[in-house]
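One structure is given here, and the rest of the page talks about it.
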Amino acid sequence: MCGISGILYRHPTGARVDSARVSAMLSAMAHRGPDGDGVYACDRLAMAVNRLAIRGVEAPQPPLMVHPSGIVVACNGEIDNHRELREILAQRGHVIDQTTDVAVIAPLYLEYGPQFLEHLQGVFAIALWDAPRKQLLLARDRAGERHLLYALSDDAVCFASELSGLVAAMPTPPQLDRESLPHYLQSGFCPSHHSLLAHHHKLQPGEVIVIDAAGARHEHYWKAPIGVTPKSAPDMAAFDDILRGAVLRQTDIDVDYGVLLSGGVDSALVTAIARAVRPERKLTAYCVRFAETSFDEGQHAADVAQQLGCDFVPVTLQPDDVPGRLHKLIAATGEPLADPAWMAQSLVTERASQDVHLLLAGEGADELFGGYPTYLGARLHGRFERLPASMRAGIRRLVSALPVSDKKMTVSFLLKQFVHGPELDGFSRHLLWNARISPEWLRRLGFDPPGDQGRHTACDLMDAIQHYDFTHSLPDALLAKADRGSMCHAVEIRGPYLDRQVIEFAATLPVEWRVRGLTTKVFLKAFAQRYLPTSVVHQRKRGLSIPLCQWLHGPLHGWATQRLSASVLADAGIDTTTALALLDEHTLRRADHSRAIWVLVVLSEWLEWLAQQQRASVDLSRRADARPPRVEAAPPARSLEASVALHANFSG
């Protein structure tokens, strides 16, 4: 795990990449790599890494490998099947001296070309320079657990693990992408390939981009199988082998690891299996607690940890922590992630960083196995629509009259969501239920809602919405939150449910094994009883969230008012009078607008960061213009190994 970055001049010019730009990228992402950094520079390319040592820690082995053939690889992530790949490659005559898992990538590429990605298991964002062919490959893992951003022009391509690193390398001030803004306001994130910065893009999960002098080719070496794979009755014994194998591979590392434990079935099952497959390893469970009872799952998590023989470390998030933590997260990562749980995840991983460098988590289980309340709504809404129109109208009036609650996932909140969008098809209704800002308020704020993603028939609705969540909100919001929250503190998060074999198994589940009646995750809960007490398996789903609704009424109200009044919002086209009206309605308890308010608060904080970057870029340009012009000539030719060795600074 690390941060990777680089700059490639797309056409030979005789000049090399300015080392100051590469150093700026490394510095911007220094939090991702406490175990050293390194730069490879040759001809018109520079690649750099910050290292967090997870595997091969006994030697100063960077995740920046230079192969004698002229293949250069920078990898952020873990190659879980590197041991098997070593054996296969050895049989084909490849000698791999390094013990790091990244060392298998270059030989694998030599064997299979760009198709080498199909043979990798694990999580990764990869930059691979093929010097003989003068082409650069950028790739992202299947589920999108690791992230890679890029900026492409006629002259150069820049890439980095975080937006802050990418901005640090750009020669011109970054600009807001106003076309992407409505997507962010509606969803709380920008779907790949978009970002909130013009000309700055994100790789999609399972995508590879091949860049050379002729242009850039976008290809998908893997696509999510949800809705494509034929359905069949599940085999619990087979799944047991698959999930245990995933946990075993992900814990085959050289550093201590722990688990993020909420007390719900997803994380509890991961914890139980981690304890079962490696009973000799110490396992500590980390949990976020809140003073607000309906949000606090600490006691449930503590009980599970005790039952499984794990140490238990809770941390408590206070409202006073939020403004400063949000500011620091945006300053470090350069990204506006509008999930309030980002604050909680950052806090708990900050504490965990004192003990471990890797945490297992339950990410992906809801999307794959059917765990969200909206999936229940999708299954039940057809029955609701078959009721007489007068009865439906009466139910909507009754639901609308229910009081607003500060508590977590109340029945009234779920019902209010359920009756929204009666005129829409099932897929569009799912998008509406998950929207951070409703279409009505979005228009009042000054923006047209983004277009629908398509229409789907009732028979494939569950597959359609799970596929959408798995390929959009999971990688671009939840997994981004996990990476940006944890790697600020040099902690890697791994999700066993996102192992390729687990994903492909889940895609075979018939609908009734995902959602049945009022039960979600039917199969996973049935399977979990092999490892967990029934009380834990059927613990009510809450999910990681913070008491934002309540805090906006009290301790965060003044701060929110300041952020919604900020001139940067108006400059971006936001009607700040409407933004403050949202807060007023929320304060008067006429509606729960906490999600919409938070999107705008995060945007306001991010726009302040953007303005700071723009000022810094202008100042840098002025200082550069004041200096005499200087051409940095390419250095004398030397071996690839020598080049990287002279620029590396890694600790084991």
*With θ set to phi - 60°, apply the Karplus curve 6.51 cos²θ - 1.76 cosθ + 1.60 along segment 516-530 and write out the HN-Hα couplings as whole Hz, x wherever there is a Gly or Pro.*
9, x, 9, 10, 9, 6, 4, 5, 4, 5, 5, 5, 4, 5, 5
_Need one number: nm distance between label points at Gln501 and Arg540, each 7 Å from Cα along Cα→Cβ, rounded to one decimal._
3.7
*Note the angle between two axes, namely the Cα long axis of helix 298-308 and the longest principal axis of the Cα atoms of the chain, as a number of degrees from 0 to 90, rounded to the nearest 10.*
70
*Quick one: if the Förster radius is 56 Å, what FRET efficiency do His553 and Val277 give, using the C-beta to C-beta distance and rounding to 0.05?*
0.80
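Would you please classify the overall shape of segment 270-334 from the alpha carbon gyration tensor, given that a ≥ b ≥ c denote the square roots of the eigenvalues, rounded means a/c under 1.5, and beyond that prolate means a/b larger than b/c while oblate covers the rest?
oblate
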*Which labelled figure in (1) 45, 29, 22; (2) 40, 31, 23; (3) 49, 28, 22 is semi-axes √(5λ) of the Cα gyration tensor in Å, once derived from the coordinates*: (2)
*Once amide H atoms are placed 1.01 Å from N in the peptide plane, what residues at a sequence separation of 5 or more from Thr316, or on another chain, have their amide H within under 5 Å of its amide H?*
Arg289
*asked:* Between segment 339-406 and segment 42-93, how far is it from one alpha carbon centroid to the other, in angstrom?
replied: 40
*Using label points projected 7 Å from each Cα along Cα→Cβ, tell me how many nm separate Val95 and Leu248, to one decimal.*
3.2
*Among Thr349, Leu368, Val255, flag the residue with its Cα farthest along the positive direction of the charge dipole of segment 224-544, charges on Cβ as +1 for Lys/Arg and -1 for Asp/Glu.*
Leu368
*Between Glu440 and Ser27, what FRET efficiency follows from the Cβ-Cβ distance if R0 is 51 Å, with the result rounded to 0.05?*
0.70
*asked:* For a quick check: with amide H placed at 1.01 Å from N, whose amide H comes under 5 Å from Ile493's, ignoring anything fewer than 5 positions away on the same chain?
replied: Leu359
*Quarter of Cα convex hull surface for segment 547-614, i.e. mean projection, nm²*: 4.3
*Lysine pairs within segment 224-544, Cα separation less than 16 Å, 8 or more sequence positions apart or different chains*: 8
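Carbon and sulfur atoms: what percent of the 1.4 Å accessible area of segment 547-614 do they account for?
Carbon and sulfur together cover 45 percent of it.
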_At R0 = 51 Å, FRET efficiency that the Cβ-Cβ distance of Glu58 and Asp235 yields, to 0.05_ = 0.80
*Any idea how far apart Thr172 and Gln529 come out in nm if each label point goes 7 Å out from Cα toward Cβ?*
6.3
*Determine the distance separating the Cα centre of segment 191-211 from the Cα centre of segment 272-299; give it in Å without decimals.*
35
*Counting only DSSP beta bridges with both residues in the chain, tell me the antiparallel percent, nearest 5.*
80
*Just order 341-348, 378-385, 391-398 by mean Cβ neighbour count inside 10 Å, highest at the front, would you?*
341-348, 378-385, 391-398
_Neighbour net charge for Trp609 - beta-carbon separation under 12 angstrom, K R +1, D E -1_ = -1
*How far is helix 82-91 tilted off the main Cα axis of the chain, in degrees rounded to 10, range 0 to 90?*
40
*asked:* To test your reading of the geometry: what angle, between 0 and 90 degrees and rounded to tens, separates the Cα axis of helix 461-471 from the longest principal axis of the chain?
replied: 40
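The values are calculated or read from the model by the stated rules, or taken from the named source; none is laboratory data. Keep in mind that this is a model prediction, so the values were computed, not measured. Here Cβ is always computed from backbone atoms with ideal geometry, including for glycine, and neighbour counts include all displayed protein chains. Quick note on the areas: whole protein, heavy atoms, side chains included, nothing else; ligands and nucleic acids left out. Shrake-Rupley method; radii C 1.70, N 1.55, O 1.52, S 1.80 Å.
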